[in-house]
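Peer 1: To start, I am sharing the structure in question, which I have written as structure tokens.
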Amino acid sequence: MDWGNVTVEDLVDALQEVEWTAPPRPLNEFFSRFTVPRSYSKWNSRAKCNLYYYRTNYFIIITLVLGLAFLTNPLALFAAILAGFSLAILNDSFAITFNERLTRTVRKVSPHLAAKMRPPVTPVIRGRPVKRTRAIHICGQPRWMFVLLFSSASALVWFVSCGLLTVLWALLLGLLSTLLHASFRTPNLKARLNTFREEFRAVWRNYSDL
């Protein structure tokens, strides 16, 4: 797979659809083999490949930086947790897993309420269900409603705790660390093999939907 031909939009879509339940890459692999890219095209391809392959490590780094920044401000730390949760819901696999576990928990308490939390039925045309793009629901409601809810709550708590400037510096530091690592970490053979495997799964999934 030529990462130089992958657009930013394609990368965001891939990060949204890919499974995030895998453990982070080992530290001895994460902090090894750093080289300076020889050209812009090399840097472009390397950065996209590393962002996809080390996505879990980068997410942990940004989370730790935010946690350390708000260690002395519990209210702002709670706001950072809300923001991280709203970002996690944007991932398809996380949103589906969260909805299933939440529905299963509610079903134990109130089966009638759990039945109301089911997503709307997909319409059928000529015996075949209409395929919806990213039609993911949580508690029977569209996913974007929960993203908006947690994001708004996070912004409100940040404003009340006077930690907005702190979060901006923390996010800048976390994103800068991620960008530097993705720029100088040489993609290894595992990253290339993992990319080919994910590409095959995507092709096979599209073939199965036909």
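Peer 1: Rounded to whole Hz and in sequence order, give me ³J(HN,Hα) for the range 68-78 from the Karplus expression 6.51 cos²θ - 1.76 cosθ + 1.60, θ = phi - 60°, writing x for Gly and Pro.
Peer 2: In residue order, the calculated couplings are 5, 5, 9, 5, 8, 9, x, 5, 5, 5, 5 Hz.
Peer 1: Can you compute 3J(HN,Hα) from phi for each residue in the range 137-143, using the Karplus curve 6.51 cos²θ - 1.76 cosθ + 1.60 with θ = phi - 60°, rounded to whole Hz and x for Gly and Pro?
Peer 2: Karplus-based 3J(HN,Hα) across the range 137-143 equals 10, 10, 6, x, 10, x, 4 Hz.
Peer 1: Residue 25's amide H: which non-local residues (gap 5+, or another chain) put their own amide H closer than 5 Å, with H modeled 1.01 Å from N in plane and none for Pro or chain starts?
Peer 2: Under 5 Å from the amide H of residue 25: 57.
Peer 1: I'd like the Kirkwood hydrodynamic radius of the range 54-121, using the inverse of the mean 1/r over distinct C-alpha pairs, in Å.
Peer 2: It is 14.2 Å.
Peer 1: Quick check: pseudo-label points 7 Å beyond the Cα along Cα→Cβ at residue 71 and residue 172, how many nm apart are they?
Peer 2: It works out to 2.1 nm between the two label points.
Peer 1: For a quick check: sort 48, 116 by the number of other beta carbons within 10 angstrom, fewest at the front. Show your work: numbers first, answer last.
Peer 2: Working: 48 23, 116 10.
Ranked by crowding around the Cβ, least crowded first: 116, 48.
Peer 1: Please work out the FRET efficiency for the pair residue 145 and residue 30, using the Cβ-Cβ distance as r and a Förster radius of 30 Å; give the result to the nearest 0.05.
Peer 2: About 0.25, to the nearest 0.05.
Peer 1: Name the residues whose placed amide hydrogens come within less than 5 Å of the amide hydrogen of residue 138, ignoring near sequence neighbours (fewer than 5 apart) on the same chain.
Peer 2: Correct list: 143.
Read-outs: derived from the displayed coordinates by stated rules, not from any lab. Just so it is clear, the structure is predicted and the values come from calculations on it, not from any experiment. Note that each Cβ is placed from the backbone with ideal geometry, even for glycine, and that neighbours are counted across all protein chains shown.
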